[in-house]
Amino acid sequence: MTSSIAIVTGASSGIGAATARRLAAEGFHVVAAARRAERLDALVKEIAAAGGEATALTCDVTSDESVAALAEAVGALGRPVTVLVNNAGGARGLDPVETGSIPDWQWMFDVNVLGTVRVTQAFLPALDASGAGSVVVLSSTAGLIVYEGGGGYTAAKHAQTAVAETLRLELSGRPIRVIEIDPGMVRTEEFGLTRFAGDAQRADAVYAGVAEPLVADDIADCVAWTVTRPHYVNIDRIVVRPLAQAAQHKVHRAL
């Protein structure tokens, strides 16, 4: 694996950054892709200092041109591409369908669903050519069950899950695994702030009384485990929640 590339989108923070660090530690040359160049540069320096290999490439997954440029830049690295982690995504708002913001819904679909499709389309030829490709789709438990106020996000994540399941069927017989990872409650530095337009109080309230929500490294561990199995082993789906979250609607809070 020391000569193969693992691409991680949304790598500038949270689960993406943790996954980039972990895959570099596993011996991959990580391509860390996201919009914020300064964060990517800091991440790559951190990985290099720890003895890993990484390249920072800016990319906006909502732009066809940006994704095409990413694919061209990765091709110029001259290494086989064996792993693609579609991590870029996010939520905006917690409004009922009746009053939900259409621009927020459009953003969630473009980032979570179409972003996954754009990047996957761009790298399927390289993954196929490697003879041992893996596509990882970071969806959510929100892609498996709905909840009040989550119409836009759950709809987008259900669609992302459908893309992963369909892709697995369509790639049958080709050397590309399709892996879906569905985290529940994960506390990262930006997810809640993005959802609540920078309102830290609302973001923190989601985790109130939960002593040990999942953290980004927990999900990075899941990604690393799935892509380092023998290639004939396909981990179709991992659903991972903290112990305190028995279900989407049932969370133990020690208040």
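PRO103: more than 27 Å from VAL31 (Cβ to Cβ) and either small (Gly, Ala, Ser) or in contact with an Asp or Glu (Cβ under 9 Å, 6 or more places away or on another chain) (or both), yes or no? Answer is no for this residue.
For (1) among the acidic types (Asp, Glu); (2) modelled with pLDDT under 95; (3) touching a Pro at 6+ places or on another chain (Cβ under 6 Å); (4) not in a helix (DSSP H, G or I), each residue gets a yes or a no:
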| position | (1), (2), (3), (4) |
| --- | --- |
| VAL119 | no, no, no, no |
| ALA122 | no, no, no, no |
| ALA129 | no, no, no, no |
| VAL135 | no, no, no, yes |
| TYR147 | no, yes, no, yes |
| GLY152 | no, no, no, no |
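Taking the criterion of being of a type outside the set (A, V, I, L, M) and touching a helix residue (DSSP H, G or I) at 6+ places or on another chain (Cβ under 9 Å), the residues of region 136-148 that qualify are SER139, SER140, THR141, GLY143, TYR147. Pairs meeting the criteria (first residue in region 60-77 and on the phi < 0 side of the Ramachandran plot, second residue assigned to a loop (DSSP other than H, G, I, E, B), beta carbons under 7 Å, at least 6 apart or on different chains) are ASP60/ARG35; VAL61/ALA88; SER66/CYS59; SER66/ASP60; VAL67/CYS59; VAL67/VAL61; LEU70/CYS59. Within region 25-42, being open to solvent by 10 Å² or more (accessible area, probe 1.4 Å) and part of a helix (DSSP H, G or I) holds for ALA25, ALA37, GLU38, ARG39, ASP41, ALA42. Working only within region 144-201, note down all residues that are in contact with a Phe, Trp or Tyr (Cβ under 6 Å, 6 or more places away or on another chain) and more than 18 Å from VAL239 (Cα to Cα). GLY152 - this is the single residue of region 144-201 that is in contact with a Phe, Trp or Tyr (Cβ under 6 Å, 6 or more places away or on another chain) and more than 18 Å from VAL239 (Cα to Cα).
Let me confirm something: among ALA220, ALA208, ALA247, which residue is in contact with a helix residue (DSSP H, G or I) (Cβ under 7 Å, 6 or more places away or on another chain) and among the small types (Gly, Ala, Ser)?
ALA220
To keep it simple, each residue is scored yes or no on (1) within 18 Å of THR9 (Cα to Cα); (2) of a type in the set (Lys, Arg); (3) touching a helix residue (DSSP H, G or I) at 6+ places or on another chain (Cβ under 8 Å); (4) open to solvent by less than 40 Å² (accessible area, probe 1.4 Å).
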site	(1), (2), (3), (4)
VAL83	yes, no, yes, yes
GLY93	no, no, yes, yes
ILE102	no, no, no, no
TRP107	yes, no, no, no
LEU124	yes, no, no, yes
SER134	yes, no, yes, yes
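The criterion of at least 1 residues that are open to solvent by 20 Å² or more (accessible area, probe 1.4 Å) and among the β-branched types (Val, Ile, Thr) is met, among strands (runs of 3 or more DSSP E) falling completely within region 154-255, by 237-240.
The values are calculated or read from the model by the stated rules, or taken from the named source; none is laboratory data. Bear in mind that the values here come from a model prediction, so they are computed numbers and not experimental data. Cβ coordinates were reconstructed from backbone atoms using ideal geometry, including for glycine residues, and neighbour counts include every protein chain displayed. Side chains are part of the model used for accessible areas, which takes the heavy atoms of the whole protein and leaves out ligands, DNA and RNA. Shrake-Rupley method; radii C 1.70, N 1.55, O 1.52, S 1.80 Å.
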